[in-house]
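The values are calculated or read from the model by the stated rules, or taken from the named source; none is laboratory data. Quick caveat, the model's predicted, so the values are computed rather than measured. Neighbour counts are summed over all protein chains in view; Cβ atoms, including those assigned to glycine, are modelled from backbone coordinates with ideal geometry. Calculation scope for accessible area: heavy atoms of the full protein, side chains included, ligands and nucleic acids excluded. Shrake-Rupley method; radii C 1.70, N 1.55, O 1.52, S 1.80 Å.
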Amino acid sequence: MAQTVRKVKAIGFVTTEPVSLATARLHLRLDTEGSPPSNPDDALVTALITVAREAVENFTELTVAVNDFQMKLDYFPTAEINLGTWPVNSITSVTYVDANGATQTISSADYALDTFSKPAQINLAYGKTWPMVRNQPNAVTVTFEAGYTGDTSPVSNEMPKALKQAMLLTITDLYENRGALGSKQNYEIPVMAQYLMAPYRINMGP
C-alpha cells in the first residue's frame with residue numbers, strides 16, 4: 001500500500017532565526033544608536049527575517065530554523081516513512097491508533113532515523129514490520145525535530161552559507177521594495193537568491 005499524502009504542521013515556535021537582527025541591519029546598512037543599539041525599522045526588519053526564512057524553506061523544502069513538527073498519515077507505508085524535509089535531528093515519537101481505538105507508541109528500537117537520505121526518512125529495524133492501524137484519517141502520528149542547529153550539542157549541523165546569503169538578499173529586496181509589495185499578487189524571490197538555493201532543493205523543479 002502506498003504512503004498517503006503527508007500532512008505536516010509545526011507544533012512549536014522558532015526561537016532563534018538563522019539571521020540575526022544585527023546581521024540584517026549590517027547587510028541593509030542601517031545605522032543604529034543608543035544602548036542597546038537600535039534602529040527605527042527594527043520591528044520591520046525582524047518581521048522580514050522571518051518572511052525571508054520562510055521563503056527559503058518553501059523554495060528548498062528544507063527546514064532552516066529549528067522547530068518541532070507533527071506529521072499525520074492515514075496508515076503506515078509498506079517500508080520507510082518519508083518525512084518530506086531535511087535536516088531532521090531526532091524523532092520524538094511514532095504513535096498509531098490500533099484496531100480498538102487506543103493510541104499506541106512504537107518502541108524506538110523498532111525503527112531508525114535515516115539522515116543521509118534527502119528528505120530524511122524513518123526506516124524499520126531489521127525483521128520489524130509496521131503494525132496494523134484503525135481505518136480512520138490521521139491514524140499515524142510522527143513527531144520530530146528538524147532544522148539547522150549550528151554547532152550546538154548533541155546535533156551539530158551548520159546552515160550552508162549560501163542559504164544564509166539567500167536570506168539576506170531576500171531581506172534586502174523585501175525591505176527596499178516594501179512599498180510595491182502590496183500591488184504584487186505573488187512575490188518572486190530575487191534571481192540571485194534562487195541561484196544560491198537551487199543546489200539545496202530537495203525536489204528539483206521549476
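Across segment 1-92, the convex hull enclosing all Cα atoms gives 118 Å³ per residue. Rounded to the nearest 20, the Cβ-based charge dipole of the chain about its Cα centre (Lys and Arg +1, Asp and Glu -1) stands at 440 debye. Measuring spread by the Cα atoms of segment 84-178 yields a radius of gyration and Dmax of 18.6, 58 Å.
Straight Cα distances below 30 angstrom link Lys128 to the lysines Lys7, Lys9, Lys72, Lys118, with same-chain residues fewer than 8 positions distant left out.
Pairs of Cα atoms nearer than 8 Å and 6+ residues apart set the relative contact order; for the chain it is 26 percent. With R₀ set to 35 Å, the beta-carbon distance separating Ala47 from Asn82 gives a calculated FRET efficiency near 0.60. How large is Rg over Rh for segment 50-114, taking Rg from the Cα atoms and Rh as the Kirkwood inverse mean of 1/r across Cα pairs? A ratio of 1.03. Our note on the geometry: Cα centres of segment 1-61 and segment 97-145, 32 Å apart. Restricting the calculation to alpha carbons of segment 78-136 gives Rg and Dmax of 12.2, 36 angstrom.
On the beta carbon distance between Asp74 and Thr23, with R0 = 35 Å, the FRET formula returns roughly 0.25. Pairs of Cα atoms nearer than 8 Å and 6+ residues apart set the relative contact order; for segment 1-82 it is 58 percent. Surface exposure of the chain, expressed per residue as accessible area with a 1.4 Å probe, stands at 57 Å². Dividing the summed helix terms, -39500 (n - 2.57) for each DSSP H run of n ≥ 4, by the number of residues in the chain produces a 222 nm estimate of -7500 deg cm²/dmol to the nearest 500. Among the protein heavy atoms of the chain, carbon and sulfur supply 52% of the accessible surface, probe 1.4 Å, non-protein parts ignored.
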